[in-house]
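Undergrad: Would you mind keeping the following structure in view while I ask a few things?
Just so it is clear, none of the values below were taken in a lab; they were calculated from the coordinates. In this text the structure is predicted, and so the values were computed from the model without any measurement. Ideal geometry is used to build each Cβ from the backbone, glycine not excepted, and the neighbour counts take in all protein chains shown.
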Amino acid sequence: MSETIQTISKWHGGFCIEVAPLPCLIVIFGALGDLTGRKLLPSLYHLHQRGLLHEQSTLIACGRQEMSHEQYRNYIRTLDGMGKTDQLEQFLSKVFYHAGDYTLPETTARLATLVDDLENKMENQTSCRLFYLATAPAVYLPIVEQLANAGLTTELSAVTEKIVYPWRNVIFEKPFGNDFASAVELEQGLLRYLTEKQIYRIDHYLGKETVQNILMFRFANILFEPVWNRNYIDSVTITVSETVGVEHRAGYFEKAGLLRDMFQNHMLEMLSLVAMECPVSFSADRIRDEKVRLLHSIRMPDQKTLEQNLILGQYIAGNAMPGYREEAGVAHDSNTETFAALKLYIDNSRWQGIPFYLRSGKRMKQKKSEIIINFKHIPYSIFSPVKPEDLAQNRLILTVQPEEGLALDIIAKRPGPKLCMGDLTMNFKYSSILDPGENMPEAYERLLLDCMLGDQTLFIRSDSVRLAWQLLAPVLEYKKQITPFPYQAGTEGPIQAMEMIRRDGRTW
Ligand SMILES: NC(=O)c1ccc[n+]([C@@H]2O[C@H](COP(=O)([O-])OP(=O)(O)OC[C@H]3O[C@@H](n4cnc5c(N)ncnc54)[C@H](OP(=O)(O)O)[C@@H]3O)[C@@H](O)[C@H]2O)c1
C-alpha cells in the first residue's frame with residue numbers, strides 16, 4: 001500500500017484514519033437510472049471534493065440511450081446537490097459516457113477500447129477498476145460475462161513496482177437473488193468469471209455512520225459490553241419505517257414484497273451487528289465471520305411460531321394517500337405485504353430467551369430507522385413505595401434515520417420534592433459534531449471509497465447472503481398461506497403488530 005495516502009488525525013481526543021485510493025477507473029452501468037443520479041454521482045463528486053478520488057481516476061457511465069460525453073456532463077450538472085463550481089467542472093472533465101446494449105459483445109468491445117485509451121493516458125498506464133452494476137438484477141450476469149470475455153475483469157499481478165493492487169472489483173446492488181436457490185445460482189454464475197474477493201454485494205445501510213458505529217460503540221468502550229447480554233437486556237427492537245409508498249418500483253416490489261426488500265438484507269444485517277460476538281480484529285473477514293456465526297444462531301422460525309410471531313400488513317388509503325392496490329403498476333387484488341413484524345430468538349449463551357422484534361413498513365407515520373436496546377428493570381428498589389417495575393426501563397436508542405445519533409434513557413431525580421423521579425434522555429446527534437456547513441457523508445461515499453480500497457468489511461459475503469435467504473425461506477413459505485392485515489397509510493402499521501408485542505408486555 002506504499003502509494004496510498006493515509007491520514008491519521010486527532011478528533012475530539014480520538015483517531016481518524018482515512019485512506020485515499022490509488023488511481024481507479026470507475027464504470028457505472030445504469031448511467032441514467034435513479035440510483036446513479038440520486039446517489040452514485042453525487043457521492044463520487046463529494047469524494048472528489050474531499051480529495052479522496054485520485055486525480056488520475058476517471059468515470060465511464062454506460063447507458064442504453066445515445067448521448068455524447070458532453071450531453072451526459074450536462075445531465076450531471078442538472079442533478080441535485082452538484083452546484084456550479086470549478087470543482088464540479090474539474091470532476092466532469094473525468095467523466096465519459098458510453099452508449100449501447102450492455103449485453104452485446106460489440107458494446108463491451110467498444111468499452112474495452114475506451115478503457116484502454118483512458119488508462120494509457122494515466123501515469124502508469126493502468127489503474128484499479130471498479131464496475132458498479134446499478135441496473136436491474138436480471139442483467140448482472142450477462143454484463144459480468146461480457147466484461148470477463150473482454151478481459152476487463154481479469155486481475156493482474158503487480159504491474160509495476162509502484163502499483164501493487166490493480167483490483168478489478170464489481171459492486172452488485174441489492175437484491176442479490178430473490179430466494180435461496182436464485183441467490184446460489186447467481187453466485188455460481190458470477191464465480192465462473194470472478195472470485196469472491198472481487199464481488200462486492202452492497203447493503204447501503206452498512207455505509208451509514210450509526211450502523212458502522214455499532215461496532216465502535218460496543219467494542220471500543222468498556223461501558224457497554226459487560227451489560228450487552230441476557231442478564232441485563234430485556235429485549236431489542238429494530239424498526240425501519242418509511243413514509244413513502246412503492247414509488248416507481250412497483251414492478252420490482254410487487255414480486256419481492258417487504259420481507260425480501262428489507263428483512264433479508266438491512267434488518268438481518270443490523271441485527272447481526274447488534275448481537276454478534278466481538279471479532280478478533282477490525283478486518284473484513286473477521287467481522288464477517290462473526291456476523292455469519294450470529295446468523296447461524298438465529299432460531300429457524302417454524303409454522304407454529306410464525307402464527308404467533310409474524311404479522312404482515314398492506315396499506316390502504318388514508319391520510320390523503322392512496323392505498324397500495326391503487327398505486328401505479330400494482331395489481332388491484334395484490335396480496336404483496338408492505339409491512340412486516342417478526343419476533344426472533346437467538347440460540348446462544350449471550351442471548352438465550354431474549355426476544356428481538358423486527359418491523360418495517362411503507363407509508364408509515366414516520367420515516368425512522370432505529371435500534372432500541374431495552375434494559376431490564378432494576379432487581380430491587382430502595383425508593384419505597386416505588387417498585388422496580390414502576391420505573392421506566394433504561395433504553396439505548398441508536399438512530400440511523402432521519403437524524404443519525406444515539407440516546408440513552410435513564411432515571412434521574414427531578415429538581416424539587418425529595419422523592420421525585422423522572423425519565424431523562426441523554427441525546428447525541430451526529431450533526432452536532434460536524435463543522436458548520438458540513439453534511440453527514442452519504443452512505444454510498446463510504447462504500448464507494450472502501451471498494452476502491454479493496455476493503456470488503458462493509459459488503460456482504462456470500463455465506464451471509466445464503467444464510468439470510470435460508471432463514472427467510474420458512475417465512476416466505478408461510479406468507480403464501482396468509483393475507484396481509486390492512487393498515488391505513490400514514491399510521492404505525494396494522495394493529496395486530498401492536499398487539500403482538502403488547503402480549504409480551506412490551507411496546508415498539
Ligand atoms: N434507487 C434506489 O434508491 C435503490 C436503492 C437500493 C437498491 N437499488 C437497486 O439498484 C439497481 C438500480 O435501481 P434504480 O432505482 O436506479 O433503477 P432504474 O431507475 O430503473 O435504473 C436502472 C437502470 O438499469 C438499466 N436497465 C434496466 N433494465 C435493463 C435491461 N433490461 N438491460 C439493460 N439495462 C437495463 C437502465 O439503464 P439505461 O436505461 O440508463 O441504460 C436504467 O437506467 C436495482 O437493482 C435496485 O434494486 C436502488
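Undergrad: What list do you get for Ser57, Ser431 if you sort them by fewest beta carbons within 10 Å?
TA: On the way: Ser57 23, Ser431 12.
The fewest-first ordering by Cβ neighbours comes to Ser431, Ser57.
Undergrad: Shifting gears a bit: Hey, got the Cα dimensions of segment 411-464 along the principal axes, in Å, largest first?
TA: 60, 38, 12
Undergrad: Separate question: Quick check: net charge around Arg502, other residues with Cβ under 14 Å of its Cβ, Lys/Arg +1 and Asp/Glu -1?
TA: Working: positive: Lys343, Arg359, Arg503, Arg506; negative: Glu492, Glu499, Asp504.
The answer is +1.
Undergrad: If you don't mind, there's one more thing I want to ask. Below 10 angstrom from the Cβ of Asp289, what's the summed charge of the other residues (Lys, Arg +1; Asp, Glu -1)? Provide the component values of the computation, followed by the final result.
TA: Working: positive: Arg286, Arg288, Lys291, Arg293, Arg461; negative: Glu277, Asp285, Glu290, Asp463.
Computed value for this residue: +1.
Undergrad: Right, next: Counting pairs of alpha carbon atoms under 8 Å apart in space and at least six apart in sequence, what relative contact order in percent does segment 206-503 give? Write out the running numbers ahead of the final one.
TA: Details: 510 pairs, mean separation 81.8, N = 298.
So the answer I get is 27 percent.
Undergrad: Among Val244, Val465, rank each residue by its count of other Cβ atoms within 10 Å, from fewest to most, as a rough exposure measure. Each step should come with its number before you reach the end.
TA: Values: Val244 11, Val465 24.
Final ranking by Cβ density, sparse to dense: Val244, Val465.
Undergrad: Please list 102-114, 168-180 highest first by mean number of surrounding beta-carbon atoms within 10 Å per residue.
TA: Numbers: 102-114: 15.8, 168-180: 21.0.
Highest to lowest by the protection proxy: 168-180, 102-114.
Undergrad: Sort segment 361-478 into rounded, prolate or oblate with this rule: let a ≥ b ≥ c be the square roots of the eigenvalues of the Cα gyration tensor; rounded if a/c is under 1.5, and if a/c is not under 1.5, prolate when a/b is larger than b/c, oblate otherwise.
TA: It is oblate, given that a/c is not under 1.5 and a/b is not larger than b/c.
Undergrad: Among rounded, prolate and oblate, which fits segment 5-173 when a ≥ b ≥ c are the square roots of the eigenvalues of its C-alpha gyration tensor, a/c under 1.5 means rounded, and a/b larger than b/c means prolate?
TA: Details: a/c = 1.69, a/b = 1.21, b/c = 1.39.
Cα axes put segment 5-173 in the oblate bin.
Undergrad: Largest first and in whole Å, what are the equivalent-ellipsoid semi-axes of segment 206-503 based on the Cα gyration tensor, each being the root of 5 times an eigenvalue? Display every interim value, and only then the final one.
TA: Working: eigenvalues 192, 129, 93 Å².
Over the Cα atoms of segment 206-503, the ellipsoid semi-axes are 31, 25, 22 Å.
Undergrad: Looking at the calculated P(r) for segment 308-438, what percent of the C-alpha pair distances fall above 27 Å?
TA: 48 percent
Undergrad: Would you work out if segment 436-505 is rounded, prolate or oblate? Take a ≥ b ≥ c from the square roots of the eigenvalues of the alpha-carbon gyration tensor; rounded if a/c is under 1.5, else prolate when a/b is larger than b/c, oblate otherwise.
TA: Details: a/c = 3.10, a/b = 1.55, b/c = 2.00.
Oblate shape, in that a/c is at least 1.5 and b/c is the bigger or equal ratio.
Undergrad: I would also like to ask the following. Take the Cα atoms of segment 170-228, find their three principal axes, and give me the spread along each one in whole Å, biggest first.
TA: 46, 21, 17
Undergrad: Amide H of Gln401: which non-local residues (sequence gap of 5 or more, or other chain) have their own amide H closer than 5 Å, using H built in the peptide plane?
TA: Ser369
Undergrad: Sticking with this structure for a sec: Cβ neighbours within 10 Å, averaged per peptide: list 420-426, 407-413, 365-371 in order, most packed at the top. Intermediate values should be presented prior to the final figure.
TA: On the way: 420-426: 12.6, 407-413: 14.7, 365-371: 17.6.
Taking the mean over residues of other Cβ atoms within 10 Å, the ranking is 365-371, 407-413, 420-426.
Undergrad: May I ask you to sort His296, His54 by Cβ crowding, counting other Cβ atoms within 10 Å and putting the fewest first?
TA: On the way: His296 14, His54 22.
Ascending number of Cβ neighbours within 10 Å: His296, His54.
Undergrad: Which percentage, to the nearest 5, of the DSSP beta bridges contained in the chain is antiparallel?
TA: Working: 49 of 84 bridges.
Antiparallel bridges make up about 60 percent of those DSSP assigns within the chain.
Undergrad: Quick one: net charge of Val227's neighbours, Cβ under 12 Å, K/R +1, D/E -1? Could you put the intermediate results ahead of the total?
TA: Numbers: positive: Arg218, Arg230, Arg350, Lys376; negative: Glu225, Asp234.
Surrounding charge for Val227 is +2.
Undergrad: Using only DSSP helix segments of four residues or longer, with each worth -39500 (n - 2.57), what per-residue ellipticity at 222 nm results for the chain after dividing by its residue count and rounding to 500?
TA: Working: 14 runs with 149 residues, N = 508.
Value at 222 nm, helices only: -9000 deg cm²/dmol.
Undergrad: With r defined as the distance between the Cβ atoms of Leu419 and Ser182 and R0 fixed at 45 Å, what FRET efficiency is calculated, to the nearest 0.05? Display every interim value, and only then the final one.
TA: Values: r = 61 Å, r/R0 = 1.36.
Efficiency, rounded to the nearest 0.05: 0.15.
Undergrad: From Cα pairs below 8 angstrom and at least 6 apart in sequence, can you work out the relative contact order of the chain, rounded to a whole percent?
TA: Numbers: 889 pairs, mean separation 84.5, N = 508.
Averaging sequence separation for qualifying contacts and normalising by length gives 17 percent for the chain.
Undergrad: If one puts a single equal scatterer on every Cα of the chain and applies the Debye formula without solvent, what log₁₀ I(q)/I(0) results at q = 0.06, 0.07, 0.10, 0.11 Å⁻¹?
TA: One equal scatterer on each Cα of the chain leads to -0.31, -0.42, -0.86, -1.03.
Undergrad: Could you pull out every residue, at least 5 positions away or on a different chain, whose amide H is within less than 5 Å of the one on Tyr487? Hs are placed 1.01 Å off N in the peptide plane, and Pro or chain starts have none.
TA: Excluding prolines and chain starts, which carry no amide H, the hits are Gln314, Tyr315, Ile316.
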